[in-house]
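Each reported figure results from applying straightforward, stated rules to the coordinates on display, with no laboratory input. All figures in this text were calculated on a predicted structure; none of them were measured in a lab. Reconstructed Cβ throughout: ideal geometry from the backbone, glycine too, with neighbour counts over all protein chains shown.
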Amino acid sequence: MTNSKKLLFIILGIFLLSVLLYFLPLNSLLGKIPILDRFYNNTSLEIVTQKGKAKVWIDGKDYGETPTTVQDLPEGSYLVELEKISDEKFFYEKQSIQITLTRNTSARIDLEIGPQNILHGVIIYYTPIKTSSDNGMLTVISNVDGAKVFLDKEFLKASPISNLSLRENQYQVKVTAEGHEEIDVPIVISKNYSLNLKTYHFPIPTTFDTLEEENE
């Protein structure tokens, strides 16, 4: 084979490899190779529902009932669907949650599913960031506008909070909103990651006291 033909095959091979890597990211490719897959598909997702069980689907695949922990998932964006198990078939709506999973991290969905599409609880997941510091970041979003966010009992600001730089450590986050139940949850901030915390709050039922006058 002449040198010109060898060069042509090399160029063609590089071109085909470039096209393949463009449409199929390297992590996805390595995640399909035996033995190596354990290093690339080591993300876990824990799903818990309070006060009852729910059926679980991830990207349309049946994963049984809560509580469940799904391990060795490749990183990427997933659609999680939860349907509360109840005798009242039309009382609870199926919940659809989009969540991002990052390699070497764990994510958690911990929710109570109420009637009329009302949720209470948290969704926690990590996304990678590029930073030269030793800090990680925190993002907090509440489904109640203007909810107050506290970190280790100190008031930070009203939600939403985006990319708050924090040193690596464990913290306690509390989110409160007038007329709604509060959320109190431990978190871990890690270097090179942003922890995303989404909170959902049940409204506190309004009660009325009826005063009866006694006739003398």
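Computed values, structure above
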| item | result |
| --- | --- |
| Per-residue Cβ neighbour rank within 10 angstrom, fewest leading, Tyr92, Tyr63 | Tyr63, Tyr92 |
| Too-long pairs where the Cα-Cα distance tops 30 Å, listed order kept, from Lys55/Lys148; Lys89/Lys198; Lys84/Lys198 | Lys55/Lys148 |
